[in-house]
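What follows is a single structure, written as structure tokens, with notes after it.
The values are calculated or read from the model by the stated rules, or taken from the named source; none is laboratory data. Just so it is clear, the structure is predicted and the values come from calculations on it, not from any experiment. FYI the Cβ positions are ideal-geometry reconstructions off the backbone, even for glycines, and counts take in every protein chain you see. The protein model used for the area step is the full one, side chains on, heavy atoms only, and it has no ligands, DNA or RNA in it. Shrake-Rupley method; radii C 1.70, N 1.55, O 1.52, S 1.80 Å.
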Amino acid sequence: MDIKVDCNTVVVFDLDDTLYNELDFLISAYREISIYIDKSKYKKIFALMFSLFRNNKDVFEYLSTKYSIEKEFLLAMYRQHKPDIKVPTEIFNLLQKIKNSYGKLALLSDGRSSTQRNKLDALNIKNMFDYISISEEIKAIKPSLRGFQIIEDKFDAKDYYYIGDNLNKDFKAPKKLKWKTIFLIDNGKNIHYNVPLNLEKIKEPDHYIFSLNEINII
């Protein structure tokens, strides 16, 4: 699909499972935690953690009980670790094309400030964005209008695009504001299965894509 971008265009991205797969963050954190618990057996511990996760079990409750480590300490390790994650080259190139066309880039993500900013540091894309909004910092989570309205107030642009991966919460607010919306279909690695409970009640996005590669900047 083609997106016409100029100085009056703002392209807004979600972060997790849009610019990278959040499962990679989880794997990075599990690896660090398993090494902390027992470096000599970390692969076995990691395998167990991942199996528990895949079976929708409370990984940190299990580890807390088995290894006598405070659950909150383990959760803090998960949230605050420096992740080993990367942005695919094609996504970095897409961001660069938007910048080269004089468009503005914004990021609108739910999550804890320290966790999300650690991710952006690891992905090495923070400096590409003209504005970054994280729910903990603005005290509002999607589908709240607040984050989207802040972006409108900041840029006062003509055209806004929002690209996200969650049909349950990503598109209600931007649709209300008459933004153009693009849904990135789960590639099988999304950490959450964001299937709407009622397909008839979702705020349907304007476009569906399998990959950000389908976006062509003109």
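When only the Cβ of Lys, Arg, Asp and Glu is charged (+1, +1, -1, -1), the dipole of segment 1-129 relative to its Cα centre reaches about 380 debye.
The stretch between residue 112 and residue 158 holds 13.5 nm of extra length on full extension. This uses 0.36 nm per residue minus the Cα-Cα distance. Average projection, convex hull of the Cα set of segment 1-148: 10.5 square nanometres.
For the chain, a simple Cβ point-charge model (Lys and Arg +1, Asp and Glu -1, everything else neutral) yields a dipole of about 360 debye relative to the Cα centre.
Using the alpha-carbon centroid of each, what span in Å lies between segment 31-51 and segment 114-191? Between the Cα centres of segment 31-51 and segment 114-191 lies a distance of 33 Å. Think of the chain as a dipole: +1 on every Lys or Arg Cβ, -1 on every Asp or Glu Cβ, centred on the Cα centre; then among 75, 123, 56, 75 lies furthest on the positive end. So, in nm, how far is label residue 126 from label residue 139 when the simple model puts each one 7 Å beyond its Cα toward the Cβ? Placing both labels 7 Å along Cα→Cβ, they lie 2.4 nm apart.
Share of pairwise Cα-Cα distances greater than 18 Å in segment 115-163 is 39 percent (whole percent).
Placing R0 at 35 angstrom, the Cβ-Cβ distance between residue 93 and residue 68 gives a FRET efficiency of 0.15 after rounding to 0.05. Using a simple spin-label model with pseudo-atoms 7 Å out from Cα toward Cβ, residue 80 and residue 58 lie 2.2 nm apart. Binning all Cα-Cα separations of segment 89-141 at 10 Å, short to long from zero, yields these whole-percent fractions: 24, 50, 24, 2. Per residue, the chain exposes 54 Å² of solvent-accessible protein surface, assessed with a 1.4 angstrom probe and all protein chains in place. Counting protein heavy atoms only, the chain has 49 percent of its accessible area on carbon and sulfur, 1.4 angstrom probe. With all protein chains in place and ligands, DNA and RNA left out, the 1.4 Å accessible area ranks 89, 181 as 89, 181, largest first.
Cross-link partners for residue 71 among the lysines, with Cα-Cα distance under 23 Å and sequence neighbours closer than 8 places in the same chain left out: 39, 41, 43, 44, 57, 82, 119.
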